Structure formats: C-alpha cells, structure tokens
Amino acid sequence: MTVDELVESLRSLRHARRRGGRVVAGIAGPPGVGKSTVSERVANDTGAVIAPMDGFHLPNDALDRLDRRGRKGAPDTFDADAFVAAVEDVRAARRDVAWPTFDRDLDEPIAGGMTISADADLVVVEGNYLLLDREPWSRLRPLLSPTVYLHVDDDLRRRRLVERHERFGRSAIDAARFVNESDEVNAALVRATRHRADLVVAVD
C-alpha cells in the first residue's frame with residue numbers, strides 16, 4: 001500500500017463511521033521511518049488529529065535516576081501505562097483529553113501540551129511500539145483500527161536518524177554511535193511487530 005492509498009482508506013473509513021463513532025488509527029514503525037511525516041500528510045488531507053507517543057517519554061531527570069538516559073527511546077524509557085490510559089480515553093471519546101507533547105529543543109515532554117477534542121472523529125496515534133506484544137503495550141492494538149506499519153529502506157532510515165541527531169546538537173560521531181547503539185536496537189524490536197499490523201505502507 002502507498003501513502004496515497006492509506007489517506008484514501010482513512011478518509012473512507014472516517015466517512016463511513018461519521019455517525020457511528022470515532023476512528024482511532026495507529027501508525028507504527030521503527031525510528032526514522034517517517035511516522036510524523038506520514039501522520040501530518042494524513043492530517044492535512046483528512047482533518048485528522050495527530051496523537052504522538054513522544055510526549056510520554058519519561059523526563060530526563062527520571063531517566064537519569066533510572067540510569068536509562070543513554071537508551072532514551074527504548075520501551076522502558078516511556079510511561080507506557082499513562083500512554084495506554086490516554087489512548088483508552090481517546091477511544092472512549094466521552095470528553096476532551098489532555099495529551100502531552102515533546103519539545104525536541106528541550107529534549108523533554110510537555111505535560112498537557114495539546115488537547116484532543118471529544119468532537120474529533122479521526123485520531124491518528126503514532127509511535128514506535130503500538131504493536132509491541134508485551135504488557136502494557138499489548139493493550140494498545142485492540143484500541144486502534146486500523147493499525148499501520150510503515151516500511152522504508154533501512155540505509156535511508158539510518159541516514160535520516162543521524163541527520164536528525166545532528167540537527168539537535170550531537171556531533172556526527174556521537175549521532176552515528178547513538179543510532180547504532182540505541183536506535184537500531186529499538187528498530188529491530190519494532191520490525192518484529194510488523195506482522196501484527198493490519199496494513200503495511202511503503203514510504204520513501
């Protein structure tokens with residue numbers, strides 16, 4: 001499936017359910033695959049609200065206490081229970097939901113950075129671990145329909161990651177090291193969840 005086909009599929013699903021409840025889709029994929037870019041494309045073309053997982057990163061002081069700062073981005077560096085609870089609230093669509101965002105310049109989550117209105121009829125949740133088959137992450141998949149896995153050439157994905165880390169202050173050597181020692185470990189974990197997705201979309 002292409003990104004264009006995904007947009008049309010979500011647009012049709014939203015239209016079909018407009019009188020029958022909210023559509024909450026999930027877009028997953030390894031680091032650097034383009035989840036934010038594809039989600040923004042969907043939002044621009046359909047009016048969807050994007051609910052990113054990044055705001056559920058643990059704060060840096062908590063990561064330091066847990067000695068996990070060097071693995072930031074791994075599953076245990078997120079508040080997964082809070083993320084699942086927030087997605088459950090979004091799925092229920094009974095009220096507005098305060099949703100945290102992530103400030104890449106500060107490298108910190110921002111509590112209540114956005115609000116998902118109870119009136120929103122299409123919400124796109126995006127993040128690495130939406131299809132992970134371990135508690136509490138495994139409670140996400142039944143809340144998301146459809147679930148989408150994004151795939152891109154690995155060399156391109158790694159180049160994007162190095163460039164991203166350089167933009168946010170890492171040296172070229174440190175950026176490449178972090179990609180190899182952290183991002184690629186997480187990418188292998190996410191790739192193993194591909195078979196659990198309803199749809200696979202090729203991106204470039």
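The values are calculated or read from the model by the stated rules, or taken from the named source; none is laboratory data. Since this is a predicted model, take the numbers as computed values, not measurements. Cβ sites come from the backbone with ideal geometry, for glycine too, and all protein chains shown count toward neighbours. Just the protein is used for accessible areas: all its heavy atoms, side chains included, with ligands, DNA and RNA removed. Shrake-Rupley method; radii C 1.70, N 1.55, O 1.52, S 1.80 Å.
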Residue under evaluation Phe168, criteria (1) touching a residue at least 40 places away in the same chain (Cβ under 8 Å); (2) under 23 Å from Arg22 (Cα atoms), criterion not met: (2)
Residue list for segment 108-126, restricted to those being modelled with pLDDT under 95, touching a Lys or Arg at 6+ places or on another chain (Cβ under 8 Å) and not hydrophobic (A, V, I, L, M, F, W, C): Asp121
Listing of helices (runs of 4 or more DSSP H) fully contained in segment 1-97 that carry 3 or more residues being open to solvent by less than 10 Å² (accessible area, probe 1.4 Å) and over 30 Å from Ala175 (Cα atoms): 3-17, 80-92
Residue list for segment 111-124, filter: within 20 Å of Lys35 (Cα to Cα) and in contact with a Pro (Cβ under 7 Å, 6 or more places away or on another chain): Gly113
Strands (runs of 3 or more DSSP E) completely within segment 104-204 that count 3 or more residues being open to solvent by less than 10 Å² (accessible area, probe 1.4 Å): 122-126, 147-151
Verdict on Thr147 being out of contact with any Lys or Arg (no Cβ under 7 Å at 6 or more places or on another chain) and touching a residue at least 12 places away in the same chain (Cβ under 8 Å): no
Pairs, first over 15 Å from Gly73 (Cβ atoms) in segment 188-199, second in a helix (DSSP H, G or I) and open to solvent by less than 80 Å² (accessible area, probe 1.4 Å), C-beta under 9 Å, six or more apart: Leu199/Leu6; Leu199/Ser9
Thr147 vs. criteria modelled with pLDDT of 95 or more, under 14 Å from Leu6 (Cα atoms) and of a type outside the set (A, V, I, L, M, F, W, C): yes
